[in-house]
Amino acid sequence: MSQRWSLAELTEFDLRLRDADRNVIALDTPSTTGKTRSDLLRQWLRLTGNPDDKLTQLSKTAVRTEAWFRLGICLISLFLGGGAASALLHYGGERLINVSAYLGVLVGGQLLSLLVLAFSVGWLRSRLGVLEEILLPKLLRDCSSPESLTAWRWRLFTSFQLGGISLNLGILLATIWRVVTSDLAFGWATTLNADPEAISTLIQTLSAPWGGTFAPTSEQIAASRIVFIEGFSNVDTASTAAWWPFLMMCVGFYGLLPRVLLTGFGAFHFHRNLSSPSFSSPEAEQLIQRLRRPPLGYQYGKESPKPSSNPAPGIPALQPTQPMRVDIPAELSEQLDLDALSEAIEKKYGITLSKDLEETGTLFVIEIWQPPIAETLRFFRSRREQEGSGAEFLVLAVGTPRGPADFHPPSEQDLAIWRAKLSELKDPLLGLVPWEETR
Amino acid sequence: MSIPTYATIGHPNEGKSSVISALTENETIQISPTPGQTTSCASYKLTLDQEAVLELIDTPGFQNPSSILSWMDDWEGEESDLIQGFLSEFASDPDFHHDRELLSPLHGKTGILYVVDASRPLREVDRQEMEILRRTGLPRLALLNFKTDQRAYLPNWKEALSRRFNLIREFDAHEGSFATRLNLMDALAELTPEHKDHLQTIKSSLERDWDQRIQEASLVVETLWLRTLRHRYQTTLDAARPEEPQFEEAKESYREDIRGFERKARKEFCRIFQHSSLPQGIGKDSIFTQELFADKVWKVLGLSRGQLATAGAVTAGAMGAGLDVAAGGITFGVFTAAGLLAGGIGSWIGTPKLGAKKYPFPGGGSLGKEQIVVGPFADPQLLFVLLDRSLLYLQQLMKWSHARRDVEPFLKGLEERTSLSKTWSDQERKTLLKWIKTHKDPGHSTSQETSKAFRALILAKLRKL
């Protein structure tokens, strides 16, 4: 069975998920098989955080703050209840304490608030955002779909109900205090032509839940009626003192008990939520998927050193001073009309081409889209050895053939590559001219 | 048992590193237009559950094919010792450093992936390389990479390769889609039948992994929607300054937050699909990379006016239905009809404008001071525009090869200027609208069901991309 989350942990989970999605992939997740979603996420939380971490501390602080808030509510409610009861039970001897005021304010008010709460749940839900705006930790409000939100809501609900309990305890304690330390006299009054029997029936109905005990008798009710015009002379002292147990039972049953039940209800939902958080938000779902995905990827061994960024020196566009032989690779010459090509070259570049093998200069027609390789350099070195240091070499850099005497012009990138490569030969009589569009 | 190993071999600058980069989804591999930059072998091991299951080796290009072939012609030893003989013979020749490196992995049962740029003419040097590789006696697969769109030379290549290679496959490293990579797995299985089952397992794992990535992407889309739907920008009103400019600043901050959500989602998409940074070429000059709140973007993407009117009517009608239910049914659906009508007309007349309002409630740590609040923005069009932009982005990202290093737009076969959600069915749009309705408040009781439907829909759309 999955371990229960604490509110601080769940809050930390929300904050960490919002802040640390990049950490997820860096996590070396242990085997995920057989783990529940809750266990898996808790493990992630433990691995990504530590007790001194800022987010861990923030979560703990948020929970601690709420605990102080709850204590504050309880204390304020206790004093409010006590104060209200004390005020209502003020008795100076000149007039009786009206039980209607005590019941109406301290019990009726609470019942009314519960009724309003029950009938306006929907309306309240839509306005919960405003309440959360003040009460929930700000960081949590910044999360789009916090998993801890439901738990926080139940926590706040429970805190308010605990406040209600404290209010009723305050009322009861103040009432007991006044009963014990003062000589209280209760009575009831009405302008209506009410029969004491009717009041008696009402009291019996109200006390029915606890078996009708602790309620004043019909005679005591009749004897404690206040008729101001008649004064207190006909009021029975024993009857005026018989009301307080009934009043306390009313506070206990209609005020305290519902709050205790609501506190239990809230606590039950709070704990149930922490026992099995839904983790249904897209962020949580995404995290679970990432953690459960079997690691699949490439490990890299040694890689090639990074290319040098130093530009290699170029070679000149040599203008030959004497007639040159033409050297064309056999596979290329098969596709060309060599006479037409010679004519085109002479026309384009003003180079005199000759078929005389005695000529010392050579024009190499090279498709430079083919990268220069070691063998290319070796070829030029070997030709230099053969033809001597005075022979002029000119590379006519062409693209792919597009006719019997025409080529596509080479790309600037290929030209740069060839210039750089040929410059490694350090041959002062080696030049390069690119094939140009017909001029 | 040794794992299947394949070495990419070829002439310099034919795209060997690009092929490796596309196959291994590694954009950090050095790919240079300058030939000869790969000077030594690099090994890439595919690991599944921390166990190496496949090895790819990137090698330098041939530098001396003619000389090597001549040497091989003169070799008098056993054919099986050919490579070892070459390595010993040229062990100390610096001119043959690259050739030694590229031939050194060719032993045992290493498969050869001979990479050629089939968009250029076939030359003698290529035939020499093919012959060298044939003589190794190892299983050989020719990968036809295309650096340009030129296909005129393809028959020549196929003819020459078919004589010396067991298999020939086209593999455009710059468009190395997932399907292409899977096809290559099939080709490797055909090339080395002894590894067929093993490669099939790897292929299944890759497919599963890809599908999980798509699922993850759909969750990122939902997160983007959720953040946008619920986002509220709040700031303290400065009583000493006029209100109007402060409202405008707050609205702009709200917009910037939404842009930030979109940027974050895109970064997530890139992480999911193994791109370490946002590829600059994706969506360059496209509607889905232009300013999010630009009028033009909102005209092209998202729902049409009619669809928006329906969306408004559905939402308002639902509210009317709530009133009918509250009245115990005695209103005979009058409120529902009125809601539908009002919502529809309202949405037809105009979309909601982003507004800022004063909010006297204390909050944001400024007790007692008035706040300016912008959002949540009620217009569903914002969500649909974001959805379209996300899907269009993903459409390109999922096909963006890791071998691409350029910033040029990549639009081949992709209709990137159309809104996708506009073309969806009414039922599909309804699914999205229901999601919007149930996710406005974080605690809605049916949000899990609508989330499920939302995810299934987006997943189905992403799988089709």
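I'd like to check something: does the range B:238-258 contain any residue that is modelled with pLDDT under 85 and in contact with a helix residue (DSSP H, G or I) (Cβ under 6 Å, 6 or more places away or on another chain)? No, every residue in the range B:238-258 fails to be modelled with pLDDT under 85 and in contact with a helix residue (DSSP H, G or I) (Cβ under 6 Å, 6 or more places away or on another chain). Name the single residue that is least open to solvent (accessible area, probe 1.4 Å) among those in the range B:214-250 being of a type in the set (Phe, Trp, Tyr) and closer than 15 Å to residue B:354 by Cβ. Residue satisfying both the conditions and the ranking: B:247. For the range B:196-213, residues that are of a type outside the set (S, T, N, Q), open to solvent by 10 Å² or more (accessible area, probe 1.4 Å) and in contact with a helix residue (DSSP H, G or I) (Cβ under 8 Å, 6 or more places away or on another chain) total 7. Looking across the range A:407-423, not a single residue is surrounded by fewer than 18 Cβ atoms within 10 Å (Cβ to Cβ) and touching a helix residue (DSSP H, G or I) at 6+ places or on another chain (Cβ under 8 Å).
Look at (1) within 30 Å of residue B:209 (Cβ to Cβ); (2) more than 7 Å from chain A (Cβ to nearest Cβ); (3) open to solvent by 40 Å² or more (accessible area, probe 1.4 Å) and you find that residue B:114 fails only one, number (3). When residue B:35 is tested against the conditions (1) within 12 Å of chain A (Cβ to nearest Cβ); (2) open to solvent by 30 Å² or more (accessible area, probe 1.4 Å), the lone failure is (2).
Search the range B:40-69 for residues being open to solvent by less than 10 Å² (accessible area, probe 1.4 Å) and out of contact with any Pro (no Cβ under 9 Å at 6 or more places or on another chain), and hand back the single one that is farthest from the other protein chains (Cβ to nearest Cβ). Out of the qualifying residues, it is B:68. When B:68, B:29, B:9 are checked against the criterion of being at pLDDT 90 or above and within 23 Å of residue B:177 (Cα to Cα), a single residue qualifies: B:9. The set of residues from the range A:207-219 being open to solvent by less than 50 Å² (accessible area, probe 1.4 Å) and in contact (Cβ under 8 Å) with a residue 12 or more places away in the chain comprises A:207, A:210, A:215, A:216, A:218. Might you let me know whether the range A:272-280 holds any residue that is aliphatic (A, V, I, L, M), without any contact (Cβ under 8 Å) to a residue 24 or more places away in the chain and either away from every other protein chain (no Cβ under 11 Å) or closer than 20 Å to residue A:11 by Cα (or both)? No: the range A:272-280 contains no residue that is aliphatic (A, V, I, L, M), without any contact (Cβ under 8 Å) to a residue 24 or more places away in the chain and either away from every other protein chain (no Cβ under 11 Å) or closer than 20 Å to residue A:11 by Cα (or both).
Can you confirm whether residue B:16 is within 25 Å of residue A:366 (Cβ to Cβ) and within 13 Å of another protein chain (Cβ to nearest Cβ)? Even if it seems obvious, please write down each step before you answer.
On the way: within 25 Å of residue A:366 (Cβ to Cβ): yes; within 13 Å of another protein chain (Cβ to nearest Cβ): yes.
Yes; evaluated as a whole, the condition is true for this residue.
Just one residue in the set B:142, B:91, B:152 is surrounded by fewer than 18 Cβ atoms within 10 Å (Cβ to Cβ) and within 32 Å of the chain's Cα centre (by Cα); that residue is B:152.
The test for being open to solvent by 10 Å² or more (accessible area, probe 1.4 Å), more than 10 Å from chain A (Cβ to nearest Cβ) and more than 25 Å from residue A:379 (Cβ to Cβ) holds for residue B:84. Taking the conditions (1) more than 23 Å from residue B:66 (Cβ to Cβ); (2) touching a helix residue (DSSP H, G or I) at 6+ places or on another chain (Cβ under 8 Å); (3) open to solvent by 30 Å² or more (accessible area, probe 1.4 Å) in turn, residue A:426 satisfies each one other than (2).
Checking the stated criteria, residue A:47 turns out not to satisfy the condition of being in contact with a strand residue (DSSP E or B) (Cβ under 8 Å, 6 or more places away or on another chain) and either at pLDDT below 90 or within 14 Å of another protein chain (Cβ to nearest Cβ) (or both).
Does residue B:190 meet the test of being surrounded by fewer than 20 Cβ atoms within 10 Å (Cβ to Cβ) and part of a helix (DSSP H, G or I)? Yes, satisfied.
Any residue in the range B:185-194 that is farther than 30 Å from residue B:120 by Cα and either out of contact with any strand residue (DSSP E or B) (no Cβ under 6 Å at 6 or more places or on another chain) or touching a residue at least 40 places away in the same chain (Cβ under 8 Å) (or both)? Yes, some residue in the range B:185-194 is farther than 30 Å from residue B:120 by Cα and either out of contact with any strand residue (DSSP E or B) (no Cβ under 6 Å at 6 or more places or on another chain) or touching a residue at least 40 places away in the same chain (Cβ under 8 Å) (or both).
Listed here are the residues, each with its yes/no results for (1) touching a Lys or Arg at 6+ places or on another chain (Cβ under 9 Å); (2) facing chain A (nearest Cβ under 9 Å); (3) assigned to a helix (DSSP H, G or I).
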site	(1), (2), (3)
B:209	yes, yes, yes
B:225	no, yes, yes
B:257	yes, no, yes
B:270	no, no, yes
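Going by what's in this entry, would residue B:125 be described as away from every other protein chain (no Cβ under 13 Å) and under 30 Å from residue A:407 (Cβ atoms)? Answer is no for this residue.
Contact map, the range B:158-179: residues that are free of Cβ contacts under 8 Å to residues at least 60 places away in the same chain paired with residues that are open to solvent by 60 Å² or more (accessible area, probe 1.4 Å), Cβ distance under 7 Å, separation 6+ or inter-chain. Pairs shown: B:160/B:127; B:164/B:134; B:167/B:190; B:168/B:158; B:168/B:162. Considering only residues in the range B:70-80 that are surrounded by 11 or more Cβ atoms within 10 Å (Cβ to Cβ) and either aromatic (Phe, Trp, Tyr) or in a loop (DSSP other than H, G, I, E, B) (or both), the one that is farthest from the other protein chains (Cβ to nearest Cβ) turns out to be B:75. Residues of the range A:266-279 include none that is closer than 30 Å to residue A:162 by Cα and touching a Pro at 6+ places or on another chain (Cβ under 6 Å).
Can you tell me which residue in the range A:375-392 is nearest to the other protein chains (Cβ to nearest Cβ), limited to those that are at pLDDT 90 or above and open to solvent by less than 20 Å² (accessible area, probe 1.4 Å)? Taking the candidates together, the pick is A:377. Counting only residues that are part of a helix (DSSP H, G or I) and in contact (Cβ under 8 Å) with a residue 24 or more places away in the chain, the range A:324-339 holds 1 of them.
The values are calculated or read from the model by the stated rules, or taken from the named source; none is laboratory data. Only a predicted model underlies this, so the values are computations on that prediction, with no experimental measurement involved. Note that we place each Cβ from the backbone using ideal geometry, even for glycine, and neighbour counts take in every protein chain shown. To get the accessible areas, we keep the full protein, side chains included, count just its heavy atoms, and leave off ligands, DNA and RNA. Shrake-Rupley method; radii C 1.70, N 1.55, O 1.52, S 1.80 Å.
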